[in-house]
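The values are calculated or read from the model by the stated rules, or taken from the named source; none is laboratory data. Bear in mind the structure is a predicted one, so any value in this text is a computation, not a measurement. Backbone-built Cβ (ideal geometry, glycine too); neighbour counts: all protein chains shown.
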Amino acid sequence: MSDKSVGVIVPIYNTSQYLDKCLNSISSQTYKNIKIFLIDDGSTDKNVDKIIRSYIATDARFTTTKIPNSGQGAARNLGIEHFLNIDKTDYILFVDSDDYIDENCIEELIANIGDSDFIWFDFRYKFINSKPHNHPTSIENYNLQNKTIISNKEWLELSQNMNLHSFASGCWVMIDVNYLKNINLRFLDIHGEDNYFGIVLFAKANKISILPKKL
């Protein structure tokens, strides 16, 4: 088992109905060397604070801060600064507060990232009160289910051929902190901040690990 540490960044805004499931999925990871930073982005939902406090009280790996509402990009940037400069970790992972991860997710990512700049993994769509649908995920769109490593050049060529209208990648990458430091990448304060972040993250990478498991 690796001794690498993983910082998990969770921006939260008024999502109390999903938050417990989200945070429980992180706290119950089979991989234990993790730190979880919860950024309450000015929630007006009182239950958010209650749920955050319950995790802070029972699991020392959780820390939190509350900021005036600034948007998801700003909240994630705060998380990046936290794990780059204050509570340093080897990798960072974003988990949105209305998402959840499988209990072996981080263990799988650590086992498969190797010396890549980041690892790109797959996910399942889950919508409340609607039938399952078969939108392809990003890895399926790129037809990379059988690949384990690609270069930025391969990714750019595939992207060009696919005529995609967006390439958002917040929550399905675990990133080497040194790589993030080297390229000095942050989220922009705009709608669709994931697109800019994802495109620059992929375009500058020397080596990208792919894990086609839906975690």
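Enumerate the pairs (first residue in the range 69-81 and within 12 Å of Phe197 (Cα to Cα); second residue anywhere and basic (Lys, Arg)) with beta-carbon separation below 7 Å, excluding pairs fewer than 6 apart on the same chain, so at least 6 apart or on different chains.
Sorted first by the residue in the range 69-81, then by its partner, the pairs are Asn77/Arg186.
Collect the residues in the range 162-179 that are of a type in the set (Phe, Trp, Tyr) and closer than 12 Å to Gly198 by Cα, keeping them in residue-number order. Step through it out loud before you land on a result.
Step one: list which residues in the range 162-179 are of a type in the set (Phe, Trp, Tyr), which gives 167, 172, 179.
Of everything in the range 162-179, those that are of a type in the set (Phe, Trp, Tyr) and closer than 12 Å to Gly198 by Cα turn out to be Phe167, Trp172.
Kindly check whether there is at least one residue in the range 187-197 that is among the aliphatic types (A, V, I, L, M) and within 15 Å of the chain's Cα centre (by Cα).
no
In the range 173-215, how many residues are touching a Lys or Arg at 6+ places or on another chain (Cβ under 6 Å) and not aliphatic (A, V, I, L, M)? Walk me through it before giving the result.
First pass over the range 173-215, keeping only residues touching a Lys or Arg at 6+ places or on another chain (Cβ under 6 Å): 183, 187, 210, 214.
With the extra rule that they be not aliphatic (A, V, I, L, M), the set shrinks to 187, 214.
Matching residues across the range 173-215 total 2.
Among (1) part of a helix (DSSP H, G or I); (2) among the charged types (D, E, K, R); (3) farther than 30 Å from Gln17 by Cα; (4) at pLDDT 95 or above, where does Asp115 come up short?
Answer for Asp115: the failing condition is (1).
Within the range 122-134, can one find any residue that is in contact with a helix residue (DSSP H, G or I) (Cβ under 8 Å, 6 or more places away or on another chain) and part of a strand (DSSP E or B)?
Yes: one or more hits.
Please determine, by comparing only the residues of the range 59-82 that are closer than 19 Å to Ser169 by Cα and of a type outside the set (Gly, Ala, Ser), which one is nearest to the chain's Cα centre (by Cα).
Taking the candidates together, the pick is Arg76.
Taking the range 155-200 as the search range and keeping residues that are assigned to a loop (DSSP other than H, G, I, E, B) and among the aliphatic types (A, V, I, L, M), which one is surrounded by the fewest Cβ atoms within 10 Å (Cβ to Cβ)?
That would be Ile190.
Select from the range 1-28 the residues that are in contact (Cβ under 8 Å) with a residue 40 or more places away in the chain and over 20 Å from Glu108 (Cβ atoms) and write down the one among them that is surrounded by the fewest Cβ atoms within 10 Å (Cβ to Cβ).
Per the criteria, the residue is Tyr18.
Just the residues that are surrounded by 16 or more Cβ atoms within 10 Å (Cβ to Cβ) and free of Cβ contacts under 8 Å to residues at least 60 places away in the same chain, please, taken from the range 29-41.
Result: Asn33, Lys35, Ile36, Phe37, Leu38, Ile39, Asp40, Asp41.
Which one is modelled with the lowest pLDDT among residues in the range 95-109 that are crowded, with 21+ Cβ neighbours inside 10 Å and touching a Phe, Trp or Tyr at 6+ places or on another chain (Cβ under 7 Å)?
Here the residue is Ser97.
Answer yes if at least one residue in the range 79-94 is buried (at least 20 other Cβ atoms within 10 Å of the Cβ) and more than 13 Å from Val177 (Cα to Cα), and no otherwise.
Initially, the range 79-94 is screened for residues buried (at least 20 other Cβ atoms within 10 Å of the Cβ), giving 79-80, 82-83, 91-94.
With more than 13 Å from Val177 (Cα to Cα) added as a condition, the list becomes none.
No, because not a single residue in the range 79-94 is buried (at least 20 other Cβ atoms within 10 Å of the Cβ) and more than 13 Å from Val177 (Cα to Cα).
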